[in-house]
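Here the structure is laid out as structure tokens; the discussion comes afterwards.
The values are calculated or read from the model by the stated rules, or taken from the named source; none is laboratory data. Please read all numbers here as calculations on a predicted model, not as lab measurements. So basically every Cβ, Gly included, is an ideal-geometry build from the backbone, and we count neighbours across all protein chains shown.
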Amino acid sequence: MTASRCFCALAFLAAGACTGTGPKPLPEDDLEGKPWEVQRTSLPPYPRDGSLFSVYVSSTRPFAFFVDPGSVSVRQDGIVRYTLVARSLSGAVNVSYEGIRCETYQTRTYAFGRSDGTWVQARSQQWTSYSQYQTDQHLVLADDFFCTARGAKTAEEVVQAIARGNRFR
């Protein structure tokens, strides 16, 4: 980096710090860093087949995806939390309780469902980025149902959007 570029970068950062226009801090995840016993009390009831809403992702994906509308929540931290059910063509079922942070295109899995209807803590609960250039369930959920240009929709808006479906994909 040349000296003039370095000076410009420092000047830009300093101006942002002085005017308060620097990057916004991320909302604090109210489940992050808490013991599993505390997190478990925040988990929704295990999903029931009859209450799931279908979400179309892509004809090339080997799974059908569903969201439990009763599990959708958006708290003050701006994270959309929901239960996702993925069924393979062979009938295998994966259930997960996840969160999407609209402002940063990130997702996190809090827990996985067991076949006995209970939850188990996800081993890795790190936030991971998903790309706006790929077609996966997280991008479809964020772009078609959960997020606006300003951040997350309300839980009611999310459920209404899922009920309408994503007919334009």
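A few remarks follow.
- Residue, farthest from Phe65 (Cα to Cα), within the range 117-137, restricted to residues that are at pLDDT 90 or above and in contact with a Leu (Cβ under 8 Å, 6 or more places away or on another chain): Trp119
- Which listed residue is out of contact with any Pro (no Cβ under 8 Å at 6 or more places or on another chain) and at pLDDT 90 or above, from Ala149, Ala142: Ala142
- Matching residues, the range 62-105, being at pLDDT below 90 and β-branched (Val, Ile, Thr): Thr104
- Summed over the range 55-103, the residues that are small (Gly, Ala, Ser) and over 24 Å from Gln126 (Cβ atoms) give a count of 8.
- Taking strands (runs of 3 or more DSSP E) as the structural unit, those lying wholly within the range 58-169 and holding at least 1 residues that are in contact with a Ser or Thr (Cβ under 6 Å, 6 or more places away or on another chain) and crowded, with 18+ Cβ neighbours inside 10 Å correspond to 63-74, 79-88, 93-101, 106-113.
- Screening the range 42-57 for residues that are in a strand (DSSP E or B) and not small (Gly, Ala, Ser) and picking the one that is surrounded by the fewest Cβ atoms within 10 Å (Cβ to Cβ) gives Phe53.
- Any hit, the range 19-37, residues being at pLDDT 80 or above and either loosely packed, with under 11 Cβ neighbours inside 10 Å or over 19 Å from Lys153 (Cβ atoms) (or both): no
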